[in-house]
Amino acid sequence: MAKIVVVTSGKGGVGKTTTSASFATGLAMRGHRTAVIDFDVGLRNLDLIMGCERRVVFDFVNVLNGEATLRQALIKDKQLDNLYILAASQTRDKDALTAEGVERVLGELGKEFDYVVCDSPAGIEKGAHLAMYFADEALVVTNPEVSSVRDSDRVLGLLSSKTRKAEAGEGRVKEHLVLTRYNPVRVDKGEMLSVDDVKDILAIPLLGVIPESQAVLTSSNAGAPVITAKETDAAAAYDDLVSRFLGEDRPHRFLTAEKKGLFGRLFGT
Amino acid sequence: MDWLKLFRAPPTKQTASIAKDRLKVVVAHQREGRANGPVYLPKLREELLLVVRKYVQVPDSAVNVQVQREDGLEVLEMNITLPDAT
Ligand SMILES: Nc1ncnc2c1ncn2[C@@H]1O[C@H](COP(=O)(O)OP(=O)(O)OP(=O)(O)O)[C@@H](O)[C@H]1O
Ligand SMILES: [Mg+2]
């Protein structure tokens, strides 16, 4: 049975899709059979970030409605043979998502994959609810900013009550904090919540800190998950995150500002 | 090299610590009854808030519900803070 991992946040635009794409790719790079599903019905985006938008024929809703088989709808990754993407539909209404349908699709995927990564839409409505409902583990993507932290806390409340695991009394969905768009320079100036601040408030284990990085935009321009942008800070941070998820012990990096030279100190901001 | 500080912008207010303090309050409130109280507690709180608001305008944080355990007895403790009379 595959392990189901939801990437969720409550607040929009914090980096769920960026994280889903790199996390799934990282798992596949380590040899795990991985599927990543876009739950953002109506606002498909994962396909663009994974660079497979021109190969979407059938989508998640087609499979839910029985208009296509999973085999027809799963898109194989450009690079990795063991990574597949299931796109969200662009047009259909959200009523197509039902608990029974989602359970069936996840059950089928579970037979063929080691990991199923669910990229949640923002909010706490149906799409977000169903993305987390069957999860075994959750990556709670948070920015070091008040509204994002508060929303993450709301989501933690939902994970501990409105999931199949919680309802069936089968324990908890395992929660991981993923702090993204972290800017150590601003943290040093006291302008941004630090990683310890956020850890203190949310009180869940930290899986990784992803720095604010120019590589994220350039990678999304090119349609490749940022974890494949070798030698960049964001790729290294996501690579560490995947290793930690798989049980490796890796120190956290990119938590401190790079030392500025004399020139930077005189003329920098 | 401390004289270099002369060239830097004056220190801004430490807004991150303000953010942290505000978040602590908000989050503590959101978590009321979530941790070990009965599952109906958050809903009960919401409904109480609606009832109170029929009579007086109170902020979200005005209603506090907690389960206390004393001598093997479970006590539902409610606190409703009324706004200052103006
Ligand atoms: N570490 C980062 N550094 C810089 N930019 C980032 C980083 N992570 C995400 N972004 C940018 O933030 C924006 C939102 O990212 P993304 O689409 O992954 O968020 P999301 O949570 O999936 O959004 P939505 O809630 O709309 O689904 C994108 O423009 C992305 O390029
Ligand atoms: Mg997204």
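With a 10 Å cut-off around each Cβ of B:16-28, the average count of Cβ atoms from other chains is 6.
Looking at the stretch A:131-207, the GluC sites (Glu not before Pro) that sit in a DSSP loop and have at most 14 other Cβ atoms within 10 Å of their own Cβ are A:170. Of A:11/A:230; A:165/A:199; A:189/A:230; A:126/B:43, which pairs sit farther than 21 Å apart, going by alpha carbon to alpha carbon? Cα-Cα > 21 Å for A:11/A:230; A:165/A:199; A:189/A:230; rest within.
Output the relative contact order of the stretch A:1-121, whole-number percent, from Cα pairs under 8 angstrom with separation of 6+ residues. Can you show the working numbers first?
On the way: 230 pairs, mean separation 53.5, N = 121.
That works out to 44 percent.
Measure off, as a whole percent, the carbon and sulfur share of the 1.4 Å-probe accessible area of chain A, all protein chains present.
Values: 5890 of 11890 Å².
Exposed carbon and sulfur together represent 50 percent of the surface.
Summarising the label geometry, the points placed 7 Å from Cα in the beta-carbon direction at residue B:40 and residue B:25 lie 3.2 nm from one another.
In Å², nearest 100, what accessible area do chains B and A bury in total when the solvent probe is 1.4 Å?
Numbers: alone 7650 and 12750 Å², together 18660 Å².
Summing both chains' loss of accessible area gives about 1700 Å².
Translational diffusion coefficient of chain A at 20 °C, 1.002 mPa s, Stokes-Einstein with Kirkwood Rh over Cα pairs, in µm²/s as a whole number.
On the way: Rh = 18.8 Å.
After rounding, the answer is 114 µm²/s.
Quick check on chain A: helices-only [θ] at 222 nm, where DSSP H runs of length 4 and up contribute -39,500 (n - 2.57) each and the sum goes over total residues. Nearest 500, please. Rounded to the nearest 500, the figure is -11000 deg cm²/dmol. Straight Cα distances below 15 angstrom link residue A:78 to the aspartates and glutamates A:47, A:53, with same-chain residues fewer than 8 positions distant left out.
Buried on complex formation within the stretch A:190-224 (loss of at least 30 square angstrom of accessible surface versus the isolated chain, 1.4 Å probe, ligands and nucleic acids ignored): A:190, A:191, A:193, A:197, A:201.
Subtracting the Cα-Cα distance of residue A:95 and residue A:125 from their residue separation scaled by 0.36 nm leaves 9.6 nm. With protein chains left intact and a 1.4 Å probe, residues in the stretch A:1-154 average 38 Å² of accessible area per residue.
Let me check against my output: what whole-number percent is the relative contact order of the stretch A:190-251, with C-alpha pairs under 8 Å and at least 6 apart?
Details: 46 pairs, mean separation 17.0, N = 62.
So the answer I get is 27 percent.
Both radii were evaluated on the Cα set of the stretch A:86-230; the Rg over Rh quotient, with Rh as the Kirkwood radius, amounts to 0.99.
Which residues make up the longest stretch of chain A clear of trypsin sites (Lys or Arg not before Pro) that lie in a DSSP loop with no more than 10 other Cβ atoms within 10 Å, not counting the sites?
Values: sites that count: A:230, A:259.
So the longest stretch without any such site is A:1-229.
Considering every alpha-carbon pair of the stretch A:162-213, the percent of pairs per 5 Å bin, from zero through the bin containing the longest distance, is 5, 18, 22, 17, 14, 9, 8, 6, 3, 0.
The values are calculated or read from the model by the stated rules, or taken from the named source; none is laboratory data. Model, not experiment: these values are computed from the prediction. Cβ atoms come from the backbone with ideal geometry, glycine included; neighbour counts cover every protein chain shown. Just the protein is used for accessible areas: all its heavy atoms, side chains included, with ligands, DNA and RNA removed. Shrake-Rupley method; radii C 1.70, N 1.55, O 1.52, S 1.80 Å.
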